[in-house]
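S.K.: Handing you this structure, nothing more for now.
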Amino acid sequence: MNVLIVEDDESIANLIRINLTAEGYKCVCAYDGKTGADYIEKGGLDLILLDIMLPEIDGYELLEYVKPIGTPVIFLTAKSGIDDRIKGLKMGADDYIVKPFQIGELMARVEALLRRYGKINNKLTFADVEVDMVSRTVSKGGKPVELTVKEFDLLVELIQNKNAALYREKLYEKVWGEPYVGDTRTLDSHIQRLRRKLDWDNYIKTVFRIGYRLEDGE
């Protein structure tokens, strides 16, 4: 997924870029409206995050560049008035998020918007296992496999990062949503249950002193 971030505050733009990149998005930043317009005209974008108050060309005007190509747009702005929101949405923005915002909320809105446009694949596959992200169901060889909520989330992280060594602390914090304090028993027991339920002893590898890797042998 290719995302254009048009934001004149470089610290905000880079924070968004870092978080989106960590989730697998390809991002480019423009710190003024003219540069943003150049990127838009090049095409190939799946999503645009667009500030309104920009030097040279403002966000409202840039939205006119976007309309002919139909790329989804989320406005990022300090303008919190209801009239500003109505104006942005009436002009064609798909969503509107007010600064300051939590990065988690922005990430959730990005994913929801891309899913609405059919740009996110709602199914993951690995070997003979298929994961449906919408219904949160898992099947192996066409037969359903019952997983707990955390087992499901852990499986998704492993598949989305296949062949990469994942640190225990990062896996734990991503799946459990709380700081890792050094106790590996919870994570390790979930990994063991995943191996057993999916018969994946040969796929989920333990990486010494690091964590785990889902390995497809490629």
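S.K.: Between a first residue in region 94-118 that is closer than 19 Å to Met133 by Cβ and a second residue that is in a helix (DSSP H, G or I), which pairs have beta carbons less than 7 Å apart while being 6 or more apart in sequence or on different chains?
M.R.: Short answer, once both residue conditions are applied: Met107/Asn19.
S.K.: Next question. Can you tell me which residue within region 121-155, out of those that are buried (at least 17 other Cβ atoms within 10 Å of the Cβ) and closer than 30 Å to Gly70 by Cα, is farthest from the chain's Cα centre (by Cα)?
M.R.: The selected residue is Val131.
S.K.: Could you tell me which of the residues Val181, Val175 is without any contact (Cβ under 8 Å) to a residue 24 or more places away in the chain and hydrophobic (A, V, I, L, M, F, W, C)? Don't jump to the end; show me each part of the working.
M.R.: Values: Val175 fails: without any contact (Cβ under 8 Å) to a residue 24 or more places away in the chain.
Exactly one residue qualifies, and that residue is Val181.
S.K.: Pick out the one residue from Leu187, Leu158 that is in the same structural domain as Tyr203 (by TED's automatic domain parsing), closer than 19 Å to Val207 by Cβ and touching a helix residue (DSSP H, G or I) at 6+ places or on another chain (Cβ under 7 Å).
M.R.: On the way: Leu158 fails: touching a helix residue (DSSP H, G or I) at 6+ places or on another chain (Cβ under 7 Å).
Every option except Leu187 fails the conditions.
S.K.: Within region 86-114, can you find the residues that are touching a Pro at 6+ places or on another chain (Cβ under 6 Å) and not in a loop (DSSP other than H, G, I, E, B)? It would help to see each step written out before you state the result.
M.R.: If we filter region 86-114 for residues that are touching a Pro at 6+ places or on another chain (Cβ under 6 Å), which is where we start, we get 94, 113.
The answer is Leu113, and nothing else.
S.K.: Scan (1) modelled with pLDDT under 90; (2) surrounded by fewer than 16 Cβ atoms within 10 Å (Cβ to Cβ) for the single condition Ala165 breaks and write down its number.
M.R.: (1)
The values are calculated or read from the model by the stated rules, or taken from the named source; none is laboratory data. Computed from a predicted model, the values in this text were never measured in an experiment. Here Cβ is always computed from backbone atoms with ideal geometry, including for glycine, and neighbour counts include all displayed protein chains.
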